[in-house]
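Peer 1: Before I ask anything, let me first share the structure, which is written out below as structure tokens.
Every number in this text was worked out from the coordinates using simple rules, so none of it is lab data. Just so it is clear, the model here is predicted, and its values are computed rather than measured. Positions of Cβ are backbone-derived with ideal geometry, glycine not excepted, and every protein chain shown enters the neighbour counts.
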Amino acid sequence: MLQTPRGTYDILPEDQPYWETVKESFKQTALSFGFQQITTPLLEYRSVFEKGAGEITEIVNKQMYRVYRSDLSPEEGEEEIVLRPEGTAPVARAYIQYGMQTWLQPVKLFYLGPMFRYEKPQHGRFRQHYQFGLEILGVSDPLVDALLIGVVNELYRNLGLQQLTFKINSIGCPTCRPKMVNEVVRYFRASRELLCPFCQTKLAKNPLRIYDCKEEGCQQLINNAPVLIDLLCPACKDDFTQTLEYLDDLNIPYDLDFRLVRGLDYYTKTVFEVIAQEGEPSLGGGGRYDQLIELFGGPPTGATGFATGLERVIEEMKAKHIEVKPPNPPQIFLIYLGESAKKKSLSLLFALRHEGLQVGFALGKESLRSQLKTADKLKVPFVLILGQKESKEGTVIIRDMNSGAQETVEIKKLPGILRKKFTK
Ligand SMILES: [Zn+2]
Ligand SMILES: [Zn+2]
């Protein structure tokens, strides 16, 4: 049997209302705060992700899908094309490509779409997964960090997800980072043999990433590791304090989390994550990335952003029993019986649609009984029954599903009669 590739899934009709609700709600919240939508291609040059993430990052090394013409070997041909693994680097690429530094600053953008990573298959990890993201480019100010976190809080609140916790940390700037890295390396090098093999490689190339290792042995070492916010330069410290004060003003609860670093190297200063429950994977995360635009060859540009995985959000909505409305539930259900009625039912269906009515129908070979059952399940108030006799006489039966009462009316008069019933 043919199946979806490992780590991917179909979104079946019954789940679509969740997806539509989340996408629409996120979109409306972002628009209401003045964010504009940007849609970047699924395909990007590999260098877009290499520049910001650095060679060591797992994503660039092991998790990107390469795309190449099927008649060429991967070695031949043009510059490497990959499926985008995340949304921030493409937005940064677009900021420079379209000269957005000349737009009114900051530029506030949001995106929504699938991202691709070669993940080890496990619960909640997908090789194609949907992300919604916000980016604010052009300003480096703690006020903007707090604004972003405030908007993120609204995103979830508008979906009915409340009592979330923000974990927050600062990972410094180019001024304090070298000293920070030195301290961290000195600490972990002293117990190098206790680190997991992967952290041992991080020690040489990206030591801050040791902080988010989940291995038991590393965890114990991390418990007593240097606290990064103690090593911030005065400017970063001031920046972080201001951000926290703004969050206090907004009544947004947060926990300082000294283990929090971000999965991508280009983050600076304030980084954050949103969790629904301690011990569960985060709903989303983000942070400041003041170096990225410059790394891409643009002018020095402050920027901060956030991304959330839709699968995780929907999982959380289901866990919290948050209900979503199916779109356009049918108001009436159309049933036909017999060949001559079959022919008429199609034109009747379109005529009713043109009247602005949502019509459910089966148009199959099911019995009257089973079609009525379907209508009942859809909770439609009225069913139209078009039988042989009615079709010959140009009439149709209206059945009131609540009372069970039936009346025969002329098809010509049907729109008027239905309009009256629905405005009652
Ligand atoms: Zn600093
Ligand atoms: Zn480790």
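Peer 1: Run the numbers on the chain and let me know its relative contact order in percent, using alpha-carbon pairs under 8 Å that are six or more apart. Show your work: numbers first, answer last.
Peer 2: Details: 670 pairs, mean separation 64.9, N = 424.
In percent, rounded to a whole number, it is 15.
Peer 1: Something else: Give me the percent of Cα-Cα pairs in segment 89-193 that sit more than 22 Å apart, rounded to a whole number. Please report the intermediate quantities before stating the final value.
Peer 2: Values: 3245 of 5460 pairs.
Here the long-distance tail beyond 22 Å is 59 percent of all Cα pairs in segment 89-193.
Peer 1: Moving to a separate point now. Quick one: length gained pulling ALA190 to GLU119 fully straight, 0.36 nm per residue minus the C-alpha distance? Please report the intermediate quantities before stating the final value.
Peer 2: Details: separation 71, 0.36 × 71 = 25.56 nm, distance 3.20 nm.
Result for the pair: 22.4 nm of gain on full extension.
Peer 1: Roughly how many Å is it from the Cα centre of segment 148-191 to that of segment 326-373, as a whole number?
Peer 2: 55 Å
Peer 1: I need the phi-derived Karplus couplings for segment 288-299: 6.51 cos²θ - 1.76 cosθ + 1.60, θ = phi - 60°, integer Hz, Gly and Pro marked x.
Peer 2: So the J values, rounded to whole Hz, are 7, 9, 5, 9, 5, 4, 5, 4, 7, x, x, x.
Peer 1: Give, to the nearest whole percent, the P(r) tail of segment 188-251 beyond 16 angstrom, counting all Cα pairs.
Peer 2: When all Cα pairs of segment 188-251 are counted, 55 percent exceed 16 Å.
Peer 1: Determine by what factor the alpha-carbon radius of gyration of segment 308-359 differs from 2.2 N^0.38 Å, reporting the quotient. Don't skip to the end; give the middle numbers.
Peer 2: Values: Rg = 18.6 Å, N = 52, 2.2 N^0.38 = 9.9 Å.
For segment 308-359, the normalised Cα radius of gyration comes out at 1.88.
Peer 1: Please state the Cα pair-distance histogram of segment 269-320 with 10 angstrom bins from zero: what percent is in each bin?
Peer 2: 23, 38, 23, 15, 2
Peer 1: Report, largest value first, the span of the C-alpha coordinates of segment 371-412 along each principal axis, in whole Å.
Peer 2: 30, 17, 15
Peer 1: Show me, for segment 310-324, the HN-Hα J-couplings you get by feeding each phi into the Karplus relation (A = 6.51, B = -1.76, C = 1.60, θ = phi - 60°), rounded to Hz, glycine and proline as x.
Peer 2: 5, 4, 5, 5, 5, 4, 5, 4, 5, 4, 8, 6, 7, 8, 10
Peer 1: How big is the charge dipole of segment 332-418 about its Cα centre, in debye rounded to the nearest 20, if each Lys and Arg gets +1 on its Cβ and each Asp and Glu gets -1 on its Cβ?
Peer 2: 240 debye
Peer 1: Count the lysine pairs in segment 332-418 that are 8 or more places apart or on different chains: how many have C-alpha atoms under 13 angstrom apart?
Peer 2: 7
Peer 1: Same structure, new question: Expressed as a whole percent, how much of the Cα-Cα distance distribution for segment 332-418 exceeds 18 Å? All intermediate terms of the calculation are to be shown ahead of the outcome.
Peer 2: Details: 1328 of 3741 pairs.
That tail contains 35 percent of the Cα-Cα pairs.
Peer 1: Sticking with this one: Grab the other residues whose beta carbon is less than 12 angstrom from that of SER340, score K and R as +1, D and E as -1, and report the net.
Peer 2: Neighbour charge sum, excluding SER340 itself: +2.
Peer 1: What number in nm² do you get for the chain if you take the convex hull of its Cα atoms and divide its surface by four?
Peer 2: 28.3 nm²
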